[in-house]
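Take a look at the structure set out below.
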Amino acid sequence: MTTTLAPAIRRRRTSRARTLMLTAVAVLPLVLTVAGPLLAPHSLSTPVTAPFAAPSADAPLGGDQLGRDVLSRLLDGGILLVAGALLVAVVVTAAATLIGCFAVLRPALGRAVERCADVAILLPPLLGIMLIALAWPGGGRWAVIAAAVVLGIPYAVRVVAAAAAPLASAGYVEAAVTRGESTAYIALRELLPNLRSTVLTLFGLRFVDAVYVISMAGFLQIGPQPPASDWSLMVRENASGILLNPWAVVAPSLAVAAVAITVNLATQALAPDTTKKAVTRS
């Protein structure tokens with residue numbers, strides 16, 4: 001008995017250590033992003049080097065197109081991007097989870113949601129962002145966030161509904177229906193606990209997608225405008241001098257990728273495996 005349990009215990013400890021390590025790796029870029037503005041060594045708007053100057057002791061990542069310190073602008077430029085992506089991921093995941101759970105319990109609602117989602121998914125993301133940004137009063141970052149939420153919910157609803165559909169016919173759900181429980185009770189108490197893995201994975205994917213959408217909008221100058229120290233804006237502004245100081249483009253690009261990848265890996269590691277529980281309960 002002890003011999004049989006020992007490998008299982010070792011696997012659990014290894015899995016727990018891997019989860020903690022990935023979580024720590026994901027938290028580090030987020031902490032640096034939030035604390036970055038406090039660590040900037042130079043002013044964000046005052047030139048400290050020649051335009052596109054190479055890295056030096058005073059400016060480890062060199063200067064941008066106006067001679068401003070790239071490191072200072074890099075440390076300051078990610079907090080609004082990460083905050084916006086987190087807001088989009090939370091709103092899209094929460095809305096899609098609720099709509100998806102109710103849709104599989106009410107077939108008429110499910111068919112309507114499916115048709116609407118199919119139409120919305122066909123809209124090209126860039127065209128949708130531009131339409132919403134132009135219609136939004138004042139445009140800017142909030143218009144891009146609103147566009148990311150509106151364009152992200154249809155696909156996320158389809159994912160949640162696909163994962164919840166097999167659970168809707170499970171025995172414990174049918175028992176709850178027989179007891180006369182409300183749709184809200186069945187969705188929140190019976191379906192949602194078995195969708196934790198899907199919801200966490202979906203959150204990670206929505207965060208990565210939001211980073212991609214907000215960064216793309218920033219590169220196209222639909223969202224933040226100069227002289228904001230936004231990472232995607234830094235890439236666009238300094239692309240012309242990439243041969244003189246490549247760090248002005250490479251550093252913000254790597255920062256965007258690091259934040260997106262580490263958060264996605266951490267959410268996948270934290271996602272529990274509820275398959276066995278769902279099968280057992282059914």
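With contacts taken as Cα pairs under 8 Å at a separation of at least 6 residues, the chain carries a relative contact order of 26 percent. Each Lys or Arg adds one and each Asp or Glu takes one away; over the other residues whose Cβ falls under 15 Å from the Cβ of Thr93, this sums to +2. The modelled label-to-label distance between Ala94 and Asp58, using points 7 Å beyond Cα along the C-beta direction, is 4.8 nm. Between the C-alpha center of region 84-132 and that of region 166-217 there is a gap of 13 Å. When a 1.4 Å probe is rolled over the protein heavy atoms, the share of accessible surface on the chain that falls to carbon and sulfur comes to 70 percent. The label point for Val31 and the one for Thr183, both projected 7 Å from the Cα toward the Cβ, are 4.5 nm apart.
Helices in the chain that qualify as membrane-span-like (whole DSSP H runs, Cα extent of at least 24 Å along the helix axis, mean Kyte-Doolittle hydropathy of -1.0 or higher) are 2-39, 79-105, 141-168, 196-219, 247-270. Our helix-only sum for the chain, with -39,500 (n - 2.57) per DSSP H run of n ≥ 4 divided by its residues, gives a mean residue ellipticity at 222 nm of -23500 deg cm²/dmol.
Rolling a 1.4 Å probe across all protein chains gives Glu190 an accessible area of roughly 20 Å².
Between Glu114 and Thr14, the modelled label-to-label distance comes to 4.1 nm, taking each label 7 Å out from Cα in the direction of the beta carbon.
In terms of accessible area, using a 1.4 Å probe and ignoring ligands and nucleic acids, Val70, Val119 rank largest first as Val119, Val70. Using the Cβ-Cβ distance between Leu39 and Ala257 with R0 set to 30 Å, the FRET efficiency from 1/(1 + (r/R0)^6) comes to roughly 0.90. Residues Phe219, Phe207, Phe102 ordered from highest to lowest accessible area at a 1.4 Å probe: Phe219, Phe102, Phe207.
The values are calculated or read from the model by the stated rules, or taken from the named source; none is laboratory data. On a predicted model such as this, the values are computed, not experimentally measured, just so you know. Here Cβ is always computed from backbone atoms with ideal geometry, including for glycine, and neighbour counts include all displayed protein chains. Accessible surface is based on the protein model in full, side chains and every heavy atom, while ligands, DNA and RNA are left aside. Shrake-Rupley method; radii C 1.70, N 1.55, O 1.52, S 1.80 Å.
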